[in-house]
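The values are calculated or read from the model by the stated rules, or taken from the named source; none is laboratory data. The structure displayed is predicted, hence computed values, not measured ones. Positions of Cβ are backbone-derived with ideal geometry, glycine not excepted, and every protein chain shown enters the neighbour counts. Keep in mind that these areas ignore ligands, DNA and RNA; they rest on the heavy atoms of the full protein, side chains included. Shrake-Rupley method; radii C 1.70, N 1.55, O 1.52, S 1.80 Å.
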Amino acid sequence: MAIGVVSGCPLRALGLQALAEAEGFPLAWIAPTAAEALCRVRRQPPAVLLIDFALPDDSGPRLLHALRQEGIALDGFLLLADPHPAGLALAWKAGARAVLFTTLPLPLLRVRLRAALQGTFSWHPADRCRAQVWWIRFGEPWAALSPRQRAVALGVARGWSDKEIAQALRRRPTSIRTHLRWLLHRLGLPDRVALRRWVRSGRLDDPYIAPLLDLEDPPWLGEDRLEAGFLQK
């Protein structure tokens, strides 16, 4: 059963290759980006994909979601270095078979990886519960906001004044105050202090988190440009 590794970190990719091959699972290929992985999966689909959550050109959840939308059947595991519920929630929503924490001690990571490759390792009930709770508390409310309201909320989370947010968004301060009033009402929060605390506690100001909350329309991965170059190799 061949595996594919998608990681922008060469050392991590080689380490995963060594661990997998030590357990008797050959490596199909290593891809450093989401776009190249998509090309390789289409040409040489492995049985299992090990995908870094953070990739240079896109995210692991976006890649896994795109593969599932294309109907490509494989087991996908996301590799997380941070056990924050936001990462768990996005892995769960993208359809990951489970997550593997790269910060685990090597012997335990080896055990989890072996179980994953054998098809016996899936979501731990506690991790699934944390993911679902985060999604209800943060993911769904954030996705329900308009793009402008999200931008205002991020400005508030950075500690900006209405005037500073208005300058950044090229809007009038009165417009910013209107957006702020409506998003506070929608989120059920009393003031901008509570909004700032809410955004930060959910890590919605993390550039790898907020853009992923709507996985129904994954962004262009640039695979058309890569496909032409890859086929010439």
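A few notes on this one:
- Test: residue in the stretch 77-90 that is part of a helix (DSSP H, G or I), open to solvent by 20 Å² or more (accessible area, probe 1.4 Å) and either under 30 Å from R192 (Cβ atoms) or modelled with pLDDT of 90 or more (or both): yes
- Among the residues of the stretch 16-35, those identified as open to solvent by 20 Å² or more (accessible area, probe 1.4 Å), more than 15 Å from I72 (Cβ to Cβ) and either not in a helix (DSSP H, G or I) or not small (G, A, S) (or both) are Q17, E21, E23, G24, F25, P26, L27, I30, P32, T33.
- Filtering the stretch 157-171 for residues that are within 21 Å of I136 (Cβ to Cβ) and at pLDDT 90 or above leaves a non-empty set.
Here is a yes/no grid of residues against (1) closer than 30 Å to L78 by Cα; (2) modelled with pLDDT of 85 or more:
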{"site": "A151", "(1), (2)": "yes, yes"}
{"site": "H185", "(1), (2)": "no, yes"}
{"site": "L189", "(1), (2)": "no, yes"}
{"site": "R197", "(1), (2)": "yes, yes"}
{"site": "D205", "(1), (2)": "yes, yes"}
{"site": "P218", "(1), (2)": "yes, no"}
{"site": "D224", "(1), (2)": "yes, no"}
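- Counting only residues that are out of contact with any Lys or Arg (no Cβ under 9 Å at 6 or more places or on another chain), on the phi < 0 side of the Ramachandran plot and open to solvent by 10 Å² or more (accessible area, probe 1.4 Å), the stretch 59-73 holds 5 of them.
- Every pair of residues 6+ apart whose Cβ atoms lie under 8 Å, when the first sits in the stretch 9-25 and is in contact (Cβ under 8 Å) with a residue 12 or more places away in the chain while the second is part of a loop (DSSP other than H, G, I, E, B) and among the hydrophobic types (A, V, I, L, M, F, W, C): F25/M1; F25/A2
- Applying a threshold of 7 Å to beta carbon distances and a minimum spacing of six or more residues, or different chains, the list of pairs starting in the stretch 57-76 at a residue that is in contact (Cβ under 8 Å) with a residue 40 or more places away in the chain and ending at one that is hydroxyl-bearing (S, T, Y) reads D57/T33; S59/Y208.
- Of the criteria (1) in contact (Cβ under 8 Å) with a residue 40 or more places away in the chain; (2) not in a loop (DSSP other than H, G, I, E, B), which one G119 fails: (2)
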